[in-house]
1. Residues with beta-carbon under 12 Å from that of Ile11, excluding Ile11: net charge, scoring Lys, Arg +1 and Asp, Glu -1?
2. Using the crude model of +1 on Lys and Arg Cβ and -1 on Asp and Glu Cβ, and no other charge, please compute the dipole size for the chain relative to its Cα centre, in debye to 20.
3. With the full set of protein chains in place, find how many percent of the accessible area of the range 31-83 is carbon and sulfur; take the probe as 1.4 Å.
4. Quick one: helix 179-188 against the long Cα principal axis of the chain, what's the angle to the nearest 10°, folded into 0 to 90?
5. In degrees from 0 to 90, rounded to the nearest 10, what is the angle of the helix 27-37 Cα long axis to the longest principal axis of the chain?
6. Over the range 62-152, what relative contact order in percent results from Cα pairs under 8 Å that are six or more residues apart?
7. Please calculate how many Å² of accessible area the range 109-225 carries per residue, with a 1.4 Å probe and no DNA, RNA or ligand atoms counted.
8. Add -39500 (n - 2.57) for each DSSP H run of 4 or more in the chain, then divide by its residues: what number comes out at 222 nm, to the nearest 500 deg cm²/dmol?
Amino acid sequence: MTGHEVRPLSIRPEVMNAIRPMRPADAPRVAQLHRAAMGHSLWARLGQAFLATLYRRLIPNPLFVGFVYEEAGSIGGFIAGSTNTAAMFRQVFRKHFLPLAARTAVGVAMDPRVIPLLLRTSTYFDASGSDIPAESLFCSFLPELRGKKIADHINKVLFDELLYRGHKFVKITTESDNRGANRQLTHWGFQVGGRFRFYGKDMVKYVLDLEESHRVEPVGRYHQA
Ligand SMILES: CC(C)(COP(=O)(O)OP(=O)(O)OC[C@H]1O[C@@H](n2cnc3c(N)ncnc32)[C@H](O)[C@@H]1OP(=O)(O)O)[C@@H](O)C(=O)NCCC(=O)NCCS
């Protein structure tokens, strides 16, 4: 239990208006932001080209739900989630096996130390639990856009969308020592749903009851753009 008092969100319309659904054309920029903030993650260690290919294939998948924050034509942050992460990755890796395998091979050639991590990837779904299908996978903002509650807005947009699509719960796993992420999730009222080790790191699984959260409303914004 986090026990943090959840304060109401103060919504800034100009921030909300700068958030839109992620499009396939955003993949290279999203990959860049992902790599800049989470360069040590497995996907990022496979390289920028792998990440861009992965996002380009994920974004059109119906189980993918992603939004970007765009200011003056420039994307400064994003959130990527799914209504069913395991099924989404299965579908995308099956459908686009060749381009993804080719990019993975290049990534492995650049950094062979990722091989044991790759082999353990499938155990993520067992470790993080399959009880809650909806998940927020990655959220990242440029350093100069952090601490301004813009990330709060994009989280709300994702959570509203998931509730709108009928999901009562959302889960997020993060590293135990990721201060920014832990602080944000605690402020949202996420409860600790478990802890596990993955890729040699201590991870926390957080769960939010979307129906109970007074910050979340069933509003679908995905098909508006
Ligand atoms: C995780 C991340 C997106 C959080 O973004 P952020 O800009 O800190 O978030 P916000 O400004 O929306 O703040 C979130 C909450 O933390 C609080 N907060 C932010 N900075 C704070 C600070 N310095 N001191 C105290 N509280 C702070 C905010 O008040 C807000 O609380 P609220 O929800 O009650 O209003 C950002 O740190 C990031 O991009 N990190 C790099 C990528 C990453 O690690 N992603 C997570 C793994 S997927």
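The values are calculated or read from the model by the stated rules, or taken from the named source; none is laboratory data. Keep in mind that this is a model prediction, so the values were computed, not measured. When we count neighbours, we look across all protein chains shown, and the Cβ atoms used for this are built from the backbone with ideal geometry, even at glycine. Ligands, DNA and RNA are stripped out before the accessible areas are found, and what is left, the full protein with its side chains, is counted by its heavy atoms. Shrake-Rupley method; radii C 1.70, N 1.55, O 1.52, S 1.80 Å.
1. Details: positive: Arg12, Lys149, Lys156, Arg215; negative: Glu14, Asp152, Asp160, Glu217.
That works out to 0.
2. Numbers: 30 positive and 20 negative charges, 125 e Å.
It comes to approximately 600 debye.
3. Values: 850 of 1670 Å².
C and S atoms contribute 51 percent here.
4. Roughly 40 degrees, rounded to the nearest 10.
5. Helix 27-37 and the main axis of the chain meet at about 80 degrees.
6. Values: 84 pairs, mean separation 35.0, N = 91.
Relative contact order, the range 62-152: 38 percent.
7. On the way: 6100 Å² over 117 residues.
Counting only protein heavy atoms, the per-residue value for the range 109-225 is 52 Å².
8. On the way: 10 runs with 91 residues, N = 225.
Roughly -11500 deg cm²/dmol at 222 nm, from the helical runs in the chain.
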